[in-house]
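Only one structure is covered here, and it is reproduced in the block below.
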């Protein structure tokens, strides 16, 4: 228990450090590009423009970090006081970029003003609020700036000098590659941003100011170790892992989202050795050839690495060689692990859950439809939705993937809804819906208690998004409903939910028994074929869809359906219902009601939404399981 608490505390501290830097990465890149372009050894040497370099690294970047750190603790007011306090360490140690000093004084300043605000809450006479707020921030910020100037600045400067000397010693002794023994496993625990931007970047920026580049920027950001693992899965993996590895490799290498390869490593724990050896070989290559970057590469994409590599041919050679060598070593070791280990279909979902367990966080399979589709929701679904936010620790990585996926679905559904991603600490006040991974939902609720919250097991998972799109499409006003009703009267069109052809009694099967879930899915699919809803190829697509991610929804309900590509095999919309009183195993869960679904022109979303609403109540499911006739089940569905 104590170890778990320590692990969680370290995780939170690391995430907090990285959250101060990540929102300001654009400023770091701007400084790096200006440095690469205009210093005397740059692409386009310019004495006047090069004057931007010093003030940016001395004042702009630390102040941004201090403000962001303060805002994380106490919003705008904390950010202002944090920036004032940060100015003290900047002036107190003018020869050292005060990134670490900003990470101390920004949150500290916000903490002090937060405690002051709590102490005077409700005690200020009406009409004096602005006066007290402004003067308190100014006085407290000024005092902290003086203290930082006198003590914190020099102390941080001394500590930074010790760290730099330590790094220089590791490089001189040829021991820097050994840091991969700590860095690579820590990345798998989602400490990658904390390591890179909380520890390595501040020291690296100090080195970059002196020499124009730092090897530290590439210790964590090198995409080679992860790319080697994914390439090995492409050639030697099995099942869903092999199928998903090519897409994951592109996202990792070009998009720079390293988190995507972590579950693949955890499917085979021996692959941790692959990334360690890959990382060590990459660092050794950098040391040998004199590589490094002029600024942090974030995200860790080959494109970002290229952009911030100093304009020296040999440095480009060193950096690319480090990526290639790390990839090759990691690939070779991974290939040996995959070829010599036990051969079985790799389960990405199971590995993702395993990853959460290793992180010391909650990892649970949803127990009912509401939990599967909208785990951790609070409040009613909003009447009007204008802004959806995907949130994660850093507001980059996984949430960026989820946001882009949902943006596409929103566009295809022709919905006027904004979809963006951000860090939990920066969720806008006007957000209507917040989507987070399960273990982060409590933090998101604490930040935005009045928003509607949706939890997902994986930002790449699609059922949650389809349900949300269906909910958004079904949220129409009474006036719109009246217009639809009038239109139906005039044109003779019928709402799909009221179309009797969607569910016929002959497509409801009572008292079935299956030995495997594939047998049950094929039965449901063949029933769709016989009913004239789909072509025969749709059955295999239903089985394939199940291999990608389980269609078990909780509450003893499964809703197998085809893949996105199988839509062309759908002849018309409809579904079948199979009652399995004794249950059939769906990845450790017992499905007693199985709904085989085929939807044309988006109708499947309405079917899914309707079934989800009905089956979100265990009582409804129990009634269907206990029904003795097809008509009884159909009546239950229609009545709900």
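The values are calculated or read from the model by the stated rules, or taken from the named source; none is laboratory data. Keep in mind that what you see is a predicted model, and the values were worked out from it rather than measured. Here Cβ is always computed from backbone atoms with ideal geometry, including for glycine, and neighbour counts include all displayed protein chains.
Among the candidates 500, 457, the residue that is modelled with pLDDT under 80, out of contact with any strand residue (DSSP E or B) (no Cβ under 6 Å at 6 or more places or on another chain) and within 30 Å of residue 245 (Cβ to Cβ) is uniquely 457. Condition test on residue 309, is it modelled with pLDDT of 80 or more, surrounded by 19 or more Cβ atoms within 10 Å (Cβ to Cβ) and in the same structural domain as residue 246 (by TED's automatic domain parsing)? Yes. Of the residues making up segment 234-249, just one is over 23 Å from residue 300 (Cβ atoms) and not in a helix (DSSP H, G or I), namely 238.
Kindly provide the set of residues from segment 598-609 that are out of contact with any strand residue (DSSP E or B) (no Cβ under 6 Å at 6 or more places or on another chain) and modelled with pLDDT of 70 or more, ordered by number.
As a first pass, look at segment 598-609 and keep what is out of contact with any strand residue (DSSP E or B) (no Cβ under 6 Å at 6 or more places or on another chain): 599, 601-603, 605-606, 608-609.
Scanning segment 598-609 gives a single hit, 599.
Looking at the structure I just gave you, is residue 274 within 21 Å of residue 188 (Cβ to Cβ), assigned to a helix (DSSP H, G or I) and at pLDDT 90 or above? Spell out how you get there, then give the answer.
Values: within 21 Å of residue 188 (Cβ to Cβ): yes; assigned to a helix (DSSP H, G or I): yes; at pLDDT 90 or above: yes.
So residue 274 fits the description; yes.
Here residue 578 fits the description: modelled with pLDDT of 80 or more and touching a strand residue (DSSP E or B) at 6+ places or on another chain (Cβ under 6 Å). When the strands (runs of 3 or more DSSP E) confined to segment 515-618 are screened for residues that are farther than 30 Å from residue 415 by Cβ and free of Cβ contacts under 8 Å to residues at least 40 places away in the same chain, those reaching at least 2 such residues are found at 589-598. Residue 543 - would you say it is modelled with pLDDT of 85 or more, in contact with a strand residue (DSSP E or B) (Cβ under 6 Å, 6 or more places away or on another chain) and in the same structural domain as residue 593 (by TED's automatic domain parsing)? Answer is no for this residue.
Could you tell me whether segment 110-130 includes any residue that is within 29 Å of the chain's Cα centre (by Cα), under 27 Å from residue 443 (Cβ atoms) and surrounded by 15 or more Cβ atoms within 10 Å (Cβ to Cβ)? Talk me through it step by step, then tell me what you get.
If we filter segment 110-130 for residues that are within 29 Å of the chain's Cα centre (by Cα), which is where we start, we get 110-111.
Still in the running and under 27 Å from residue 443 (Cβ atoms): 110-111.
When the remaining residues are screened for being surrounded by 15 or more Cβ atoms within 10 Å (Cβ to Cβ), the result is 110-111.
Within segment 110-130 (the criterion being within 29 Å of the chain's Cα centre (by Cα), under 27 Å from residue 443 (Cβ atoms) and surrounded by 15 or more Cβ atoms within 10 Å (Cβ to Cβ)), the answer is yes, since at least one residue qualifies.
Identify, from the list 194, 245, 240, 173, the residue that is at pLDDT 75 or above and in contact with a helix residue (DSSP H, G or I) (Cβ under 9 Å, 6 or more places away or on another chain). None of the others qualify; the one that does is 245.
Considering only residues that are in contact with a strand residue (DSSP E or B) (Cβ under 7 Å, 6 or more places away or on another chain) and not in a helix (DSSP H, G or I), look in segment 401-422 and name the one that is surrounded by the fewest Cβ atoms within 10 Å (Cβ to Cβ).
First, pick out the residues of segment 401-422 that are in contact with a strand residue (DSSP E or B) (Cβ under 7 Å, 6 or more places away or on another chain): 402-403, 406-407, 410, 417-422.
Now narrow it down to the ones that are not in a helix (DSSP H, G or I): 417-422.
Values: 417: 19, 418: 15, 419: 21, 420: 17, 421: 24, 422: 21.
Looking at residues that are in contact with a strand residue (DSSP E or B) (Cβ under 7 Å, 6 or more places away or on another chain) and not in a helix (DSSP H, G or I), I get 418.
Residue 286 - would you say it is part of a helix (DSSP H, G or I), more than 13 Å from residue 330 (Cα to Cα) and within 27 Å of the chain's Cα centre (by Cα)? No; evaluated as a whole, the condition is false for this residue. Within segment 35-49, being within 37 Å of the chain's Cα centre (by Cα) and surrounded by fewer than 19 Cβ atoms within 10 Å (Cβ to Cβ) holds for 37, 43.
Residues that are out of contact with any helix residue (DSSP H, G or I) (no Cβ under 7 Å at 6 or more places or on another chain) and in a loop (DSSP other than H, G, I, E, B) within segment 300-325 comprise just one, 312. Restricting 269, 263 to those that are surrounded by fewer than 22 Cβ atoms within 10 Å (Cβ to Cβ) and closer than 22 Å to residue 339 by Cβ reduces the list to 269. Scanning segment 28-42 for any residue that is over 20 Å from residue 161 (Cα atoms), assigned to a helix (DSSP H, G or I), in the same structural domain as residue 159 (by TED's automatic domain parsing) and touching a strand residue (DSSP E or B) at 6+ places or on another chain (Cβ under 9 Å) turns up at least one such residue.
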